[in-house]
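Every number here is computed from the coordinates shown, using simple stated rules; none is lab data. Worth saying up front: this structure is predicted, and the values here are computed from it rather than measured. Positions of Cβ are generated from backbone atoms using ideal geometry, with glycine treated the same way; all protein chains shown enter the neighbour counts.
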């Protein structure tokens, strides 16, 4: 899996791409992440990537020329074009099914929005898709791009050691059940007795009930798309 990230802050990516599961995937060659400085695709001596918005208003807007040139240069040597994704607050909400689709694509170009926004011609004529990772405001698309890279990379075969960890609560439509480990009692808080019983059928029932209740109280929106209205699943799903 290869990611090409276009940004005006390339130094933001070094730490996250060298640590944890993602860092190991990069080291092992399972995932390639190439960072491209948007200023490299400018032609004036000031390496200008933004300008004031037409019609007035606060802030600066990313210019279309360097973004178009960056994508065209990245696409040129490849036999087939990669999906181009613009990270922007005005995009549709990023979900796990989108991550799976990107993993199947094999290659992705991520454009990091900044400042007051991006010239509308980029939205209309360059980006294949626009994504937002949530209903809040960030300084730019760099952190959002890292979220996409992490969530897609873990779906690449070999990146995650245990295949069961690839399953996710969002695909199943229910949040995960509560997890406990040693010690059995801590500061007076005890592990539920059912988990110590050794009765696997009883444990399974308890976990299904917990998943259903947790989803109803914390994320009832996940139940809307379930044909059973949120009835407990018979499949136990675990994940990182």
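Listed values, structure above:
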| quantity | calculated |
| --- | --- |
| Sequence of 63, 100 once ranked by neighbouring C-beta atoms within 10 Å, starting from the fewest | 100, 63 |
| Ranked packing of 208-219, 81-92, most packed first, by mean Cβ within 10 Å | 81-92, 208-219 |
| Two-site label geometry, residue 95 and residue 213: point separation in nm, points 7 Å out along Cα→Cβ | 2.7 |
| Value of D in µm² per second that Stokes-Einstein yields for the chain, Kirkwood Rh from Cα pairs, at 20 °C (1.002 mPa s) | 104 |
| The chain: angle of helix 96-105 to the longest principal axis, Cα-based, in degrees nearest 10 | 60 |
| Computed lengthening from residue 223 to residue 196, 0.36 nm per intervening residue step minus Cα-Cα distance | 6.7 nm |
| Sorted by Cβ neighbour density within 10 Å, fewest at the top, the residues 135, 4 | 135, 4 |
| Coordinate range along principal axes, alpha carbons of the stretch 165-223, Å, largest first | 34, 26, 21 |
| Principal axes of the stretch 73-201: Cα extent on each, largest first, Å | 61, 35, 22 |
| Antiparallel bridges, percent of DSSP beta bridges restricted to the chain (to nearest 5) | 20 |
| Zone of residue 68's modelled label, taken as backbone nitrogen in the stretch 119-138 under 16 Å from a point 7 Å along Cα→Cβ | 119-128 |
| Per-selection metrics, the stretch 6-55 (Cα): Rg and Dmax in Å | 15.5, 50 |
| Value of [θ]222 nm, deg cm²/dmol, for the chain, DSSP H segments ≥ 4, -39500 (n - 2.57) each, nearest 500 | -9000 deg cm²/dmol |
| Of all DSSP beta bridges in the stretch 67-203, antiparallel share, percent nearest 5 | 25 |
| Ranking of 151, 197 by count of other Cβ atoms within 10 Å, fewest first | 197, 151 |
| Linear extension gain, residue 18 paired with residue 116, 0.36 nm per residue minus alpha-carbon span | 32.3 nm |
